[in-house]
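Here the structure is laid out as structure tokens; the discussion comes afterwards.
The values are calculated or read from the model by the stated rules, or taken from the named source; none is laboratory data. All values derive from a computational prediction rather than experimental measurement. All Cβ positions, even for glycine, are placed from backbone atoms using ideal geometry, and neighbour counts span all protein chains on display.
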Amino acid sequence: MATTTWGWLILACPLAGTVIIGTGFRLWRGRMPGWIGTLAIGLAFVASVGAFFSLRNHPVEHRQLTSSLWNYAVTGGIDAKLQILVDPLSVFMCLVVSGVSTLIHLYSVAYMGSDRGYARFFGYLNYFVFSMLLLVLAGNFLILIVGWAFVGAASYMLISFWYRRTTATRAGIKAFVINVVGDVGLVLGTYFIFRHSHTLDFLATFKQAPTLGASHHGALVAGMLLLLVGAFAKSAQVPLHTWLPDAMEGPTPVSALIHAATMVTAGVYLIARMHPLFEHAQAAATVGAIGGCATLLIAATIALVVTDLKRVIAYSTMSQIGYMIMGVSSGAYAAGLFHLMTHAFFKALLFMAAGSVIAAMANEQSLDRMGGFRRAMPFTFACFIIGGLALSGVPPFSGWLSKDEILAFDATRGGAWWIFTVLGYLGALMTAVYTFRMIFRAFLGDPVPEALELEHGHIAHVEPPRNPATGEEEDTDVGFPGPEHHIAEREWPMKGAMGALALLATVGGLIQIPKVDNAISRFLEPAFGDSRFTHLEPSTAGAWLGLVVGAAFGLIGIAIAYRIWVQNPGFATRLRERVPALHRFLVNKWYFDEAIDLLFLRPATAFGRFAQSTFERLFVDGTLVGGTTGIVRVGSAAVRSLQAGLVRYYAAVLLLGLTVVGLYFLIQSS
């Protein structure tokens, strides 16, 4: 089978799943929609594996293959086609996206089992994965923009899935609006590039990168900065990050899907895909690296004080995506994508484990209400520990090898890039602290009533159900969470998905050991062979020294968390009382929401009110609408007065008309 045929099959499977679930949702009973959706994404993963092996059969210099189904418009310098690009980068992304998404679907089969919107959920979930796969397989800017917009729409539907919760609908709208800002940046950036390259095709554009950098450098930098707007919005980087924590209003599998392997990694993929252009617009690449570094630090500081379990993991996602953005912006493409892969493993695992704990808490998400679940939920606890160790960069878990490879690369570049390395290690220290703060508070200490009830064989239920964010009473009808709660200890689909991810989070990093086995770098080499950073590799001593330093920071962070929240649990409260202003600053998330509200939302609202009360009411309603109405009224009256029913009047009007027409032609002929 042709390699590109595998690419089309990757897209066809989730699209077919979406259509089958969506059109037959009234026919499916029980968990059938979940199994159909899981099978569809599983088949996409199988097709991705087929594309991987098929691509490896091609010579290294011929591993960038394109295929077009039909031409949308090929005229006037526009080459808009329904085209995919199957190369090592797109196949790598397909493997990660489809593989992790299959496990998330499997987890969801049980987790969402009692929800009245069960079929709708899996229809949305399949559509989301199709959109992400379309984005990474796009062979030109047109299909990239379409996939980019589809992902934004799918995320809106999933975040606000429980649409009768006002908090969920607001979070969905917020995510959609901020992502539309990114969409505008992507479209405008594409225009700047297309204006001088005269092509939408990726490979044709990349061949012109040196010419664009030399002849139209300003336009290229502007275009790349606009593409960064799209990347930062989709990947929740400062300052377009505020939608991500609010996205926790969606069901936990949605959080795992958006934050692990799909939506938030789109910005990382975009920068990596556009690397030939970014390398000739170094100012834009530097902005990307600075933005990623700032995000990883800001998000880590907020995660130190947040008490919502899912939001702690969400800020962790922002921080880890910051590492990836910093990596691919600085030229560490393989390292950044390696961390993207390992992060997908342990972050999906952490969200799934968090979902199990939240279910045991009857949907309560506050760490202040949790504690002592270690004995009641041993499997979930073990998965949380594995995910936490991988996130903290402790050997031999996957995050240790991938995150430190980015920092070692920046150190190798030298000069000012050393700053990124130092700040990256500072972020690693904070990562270990907030990760094990979360684990220690949820699982150690005295068991809370819900943990005691689970130890006696009963899962806690709250009657009537309430929104954990607002405390408002809810029902279990369509648009609200289902009445039942499912935990990994009792549901084999949840346990199977979490067990697979725990294994990958433990050993997944071993395929890329410095100077031992660089499997990912070798596979991705054809995609980045034109980079001027391909020769830049840390020395063996430098790479292993970085791994030792990273592991030390991770262990120190865990020790700090143990000292504060286990050995001396009152210390955190005393520290908060000593520096209330700092705590308030971090609890309010650096006041980014308030700043956006002050600088953008309020002026826009004030302008809208002014336009409504003046321009719309006086000019549109009074002049345009009212004036048009008046003209029509006068004209109608005149016509009615002429229709007197007398034939001589009609003959006179006809004669007058003919006279006017005759005079017109006489004047024209003279």
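Return a yes/no flag: does the stretch 565-576 have any residue that is modelled with pLDDT of 90 or more and within 19 Å of residue 301 (Cβ to Cβ). Checked the stretch 565-576: at least one residue is modelled with pLDDT of 90 or more and within 19 Å of residue 301 (Cβ to Cβ). Summed over the stretch 399-423, residues that are part of a helix (DSSP H, G or I) and either more than 14 Å from residue 324 (Cβ to Cβ) or free of Cβ contacts under 8 Å to residues at least 24 places away in the same chain (or both) total 12.
With respect to the conditions (1) touching a helix residue (DSSP H, G or I) at 6+ places or on another chain (Cβ under 6 Å); (2) farther than 19 Å from residue 263 by Cβ, residue 230 falls short on a single one, namely (2). Inspect all residues belonging to the stretch 515-528 and state whether any of them is of a type in the set (Phe, Trp, Tyr), in contact (Cβ under 8 Å) with a residue 12 or more places away in the chain and more than 30 Å from residue 403 (Cβ to Cβ). Scanning the stretch 515-528, I find no residue that is of a type in the set (Phe, Trp, Tyr), in contact (Cβ under 8 Å) with a residue 12 or more places away in the chain and more than 30 Å from residue 403 (Cβ to Cβ), so the answer is no. Considering the stretch 212-232, and only residues there that are in contact with a Phe, Trp or Tyr (Cβ under 8 Å, 6 or more places away or on another chain) and surrounded by 24 or more Cβ atoms within 10 Å (Cβ to Cβ), the residue that is nearest to residue 286 (Cα to Cα) turns out to be 224. Being under 25 Å from residue 452 (Cα atoms) and either of a type in the set (Val, Ile, Thr) or at pLDDT below 95 (or both) is a property that residue 367 has. Looking at 136, 109, 97, just one residue is touching a residue at least 60 places away in the same chain (Cβ under 8 Å), under 18 Å from the mean Cα position of the chain (by Cα) and over 18 Å from residue 67 (Cα atoms), and that residue is 97.
Please verify whether residue 528 is in contact with a helix residue (DSSP H, G or I) (Cβ under 7 Å, 6 or more places away or on another chain), surrounded by 11 or more Cβ atoms within 10 Å (Cβ to Cβ) and closer than 21 Å to residue 389 by Cβ, treating the condition exactly as stated. No, not satisfied.
Exactly one residue out of 144, 158, 188 is part of a helix (DSSP H, G or I) and in contact with a strand residue (DSSP E or B) (Cβ under 6 Å, 6 or more places away or on another chain), and it is 144. When you check residue 41 against the structure, is it touching a His at 6+ places or on another chain (Cβ under 6 Å), of a type in the set (Val, Ile, Thr), surrounded by 19 or more Cβ atoms within 10 Å (Cβ to Cβ) and farther than 30 Å from residue 195 by Cβ, yes or no? In short, yes. Considering the stretch 531-590, the qualifying helices (runs of 4 or more DSSP H), each wholly inside and each with 1 or more residues that are without any contact (Cβ under 8 Å) to a residue 12 or more places away in the chain and within 32 Å of the chain's Cα centre (by Cα), run over 540-562, 580-587.
Looking only at residues of the stretch 439-472 that are within 30 Å of the chain's Cα centre (by Cα) and in a loop (DSSP other than H, G, I, E, B), we find that the one that is surrounded by the fewest Cβ atoms within 10 Å (Cβ to Cβ) is 471.
With respect to the stated conditions, residue 181 is part of a helix (DSSP H, G or I), closer than 24 Å to residue 286 by Cα and within 15 Å of the chain's Cα centre (by Cα).
With respect to residue 493, determine if the residue is under 30 Å from residue 210 (Cβ atoms) and part of a helix (DSSP H, G or I). No. Only one entry of 130, 52, 121, 92 meets the criterion of being surrounded by fewer than 21 Cβ atoms within 10 Å (Cβ to Cβ), assigned to a helix (DSSP H, G or I) and not charged (D, E, K, R), and that entry is 52.
Of the residues making up the stretch 368-418, those that are more than 22 Å from residue 502 (Cα to Cα), surrounded by fewer than 20 Cβ atoms within 10 Å (Cβ to Cβ) and charged (D, E, K, R) number 3. In the set 185, 172, 147, only one residue is assigned by TED's automatic domain parsing to the domain that holds residue 197, small (Gly, Ala, Ser), surrounded by 23 or more Cβ atoms within 10 Å (Cβ to Cβ) and at pLDDT 90 or above; that residue is 172.
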